[in-house]
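To start, the structure itself, in structure tokens.
The values are calculated or read from the model by the stated rules, or taken from the named source; none is laboratory data. Worth saying up front: this structure is predicted, and the values here are computed from it rather than measured. Counting neighbours? That spans all protein chains shown, and the Cβs are built from the backbone with ideal geometry, glycine included. Ligands, DNA and RNA are excluded from the accessible area calculation, which covers all protein heavy atoms including side chains. Shrake-Rupley method; radii C 1.70, N 1.55, O 1.52, S 1.80 Å.
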Amino acid sequence: MGKVDINTEEIQNMPWENRPTECTDVLWRYSKNPIIKRNLIKRSNSIFNSAVVKFGEKFAGVFRVDDKSRSMNIHSGFSNDGINWTLSEEPINFIQKTRDPLISSYKYDPRVTWLEDRYYLTWCNGYYGPTIGVGYTYDFKDFYQIENALLPYNRNGVLFPRKVNGKYAMLSRPSDRGHTPFGDIFYSESPDMIHWGCHRFVMAAGHQYSAWQSLKIGAGPTPIETSEGWLLIYHGVLLSCNGYVYSFGCALLDNEKPWIVKYRTRSYLLSPQEYYECVGDVPNVAFPGAALCDSQTGRIAIYYGGADTVVCIAFGYVEEIIEYLKSDGIKMV
Ligand code: BMA
């Protein structure tokens with residue numbers, strides 16, 4: 001395979017650690033995981049499934065914080081190096097730009113996407129059940145909330161970082177009110193970030209792909225555009241006799257018709273195996289929500305939640321991930 005072009009920014013101060021010599025996997029974990037422990041701020045019971053982006057020469061993010069009353073909310077945070085984070089003690093207080101005040105009885109699993117002139121946020125928003133909340137910020141200080149993208153029940157809403165065929169584009173996962181024992185990924189588009197339609201099926205969960213993604217799947221970080229297609233990192237769930245197991249893999253989507261899947265992983269890229277992924281409030285969860293990717297070196301740092309309790313990082317190279325996907329993965333078209 002020739003060199004893969006990556007349409008992201010240059011990140012000179014990428015958080016990074018070289019692959020340990022004994023490691024033969026495509027991804028490797030940061031040796032000092034977890035980078036954010038459950039009690040980083042006073043009110044937190046747990047901090048996990050979070051989203052980070054490059055912000056000027058530094059980094060910023062939106063973090064899922066379940067507090068000690070066990071309500072789920074999202075908080076802003078800043079970092080100089082992508083590893084050591086300072087989180088706001090208070091949840092994000094959105095300035096509503098909606099037609100009338102919009103109920104958000106809980107907020108969780110944020111994603112953040114730089115799109116045109118601002119950072120957009122999507123999250124699972126409690127509005128008579130889970131659906132996809134949307135907001136934006138320019139500075140991670142003032143946050144604005146706009147209309148929910150979709151009807152309940154839906155989760156794992158993730159924006160593409162540019163318009164596709166002249167429309168804003170989103171992946172999501174229709175679901176139910178509870179712990180959803182099913183789930184496939186769909187594509188929707190919008191002319192204005194408010195009205196979403198032209199929904200298209202993208203990919204399904206299923207044993208025919210492999211066991212780790214047999215029960216349900218959901219989009220993870222903002223898709224990364226490459227010359228081979230959009231690199232989508234997604235989580236997949238297996239139902240074991242001891243409950244759900246969350247791993248993650250990846251897929252390549254067509255650049256201009258992202259509902260067409262070119263390849264998807266057969267084997268997972270990372271599954272819960274380390275102590276901080278296996279033991280916590282919800283055992284056996286590795287849940288990716290963001291990725292930093294340096295266009296120059298192809299280095300990628302994937303941020304994922306461990307056991308619904310802490311934030312972790314895994315490293316890799318986009319080119320190696322795509323090579324692995326093409327050799328070990330399932331060719332879909
Ligand atoms: C999903 C979401 C995630 C969570 C996972 C495992 O339904 O709630 O936030 O990580 O379950 O509990």
Accessible area, probe 1.4 Å, largest first, for residues H235, H179, H195: H179, H195, H235
Net charge contributed by nearby residues that have their C-beta within less than 10 Å of D281 (K/R +1, D/E -1): 0
At R0 = 22 Å, FRET efficiency that the Cβ-Cβ distance of N39 and N80 yields, to 0.05: 0.55
Region 64-201, dipole about Cα centre (Lys/Arg Cβ +1, Asp/Glu Cβ -1), debye to the nearest 20: 340
Spin-label model distance (nm) - D5 vs C23, 7 Å beyond Cα toward Cβ: 3.0
Region 90-125: trypsin sites (Lys or Arg not before Pro) in DSSP loop, at most 15 other beta carbons within 10 Å: K97, R99
Placed amide H near F94: partners under 5 Å, 5+ positions off or other chain: none
Point-charge dipole on Cβ atoms (K/R +1, D/E -1) for the chain, about Cα centre, debye to 20: 640
Percent RCO, i.e. relative contact order, over the chain, from Cα pairs under 8 Å lying at least 6 residues apart: 19
Sequence-distant aspartates and glutamates (8 or more away, or on other chains) whose Cα lies within less than 14 Å of K37: D66, D67, E277, D281, D308
Centre separation in Å (Cα based) which lies between region 261-327 and region 164-201: 22
Spin-label pair T98/S227, simplified geometry with 7 Å Cα→Cβ offset, distance in nm: 4.5
Positive-pole candidate from S240, A291, N255, dipole of region 237-291, charges at beta carbon: N255
Lysines whose Cα lies under 20 Å from that of K326, excluding same-chain neighbours fewer than 8 positions away: K3, K257, K262
Residue-wise HN-Hα coupling along region 90-104, computed from phi with Karplus coefficients 6.51, -1.76, 1.60 (Hz; x: Gly, Pro): 9, x, 5, 9, 6, 7, 7, 10, 8, 4, 9, x, 10, 5, 9
Exposure of Y30 as accessible area (Å², to 10), given a probe of 1.4 Å and all protein chains: 30
Modelled FRET efficiency - R0 25 Å, K257 with S214, Cβ distances, 0.05 increments: 0.45
For R155, distant residues with modelled amide H under 5 Å away: R173, S175
Among W28, I6, T309 - extreme Cα towards positive end, dipole of the chain, charges at beta-carbon: T309
Residue among G82, G135, F160 farthest towards the positive dipole end of the chain, charges placed on Cβ: G135
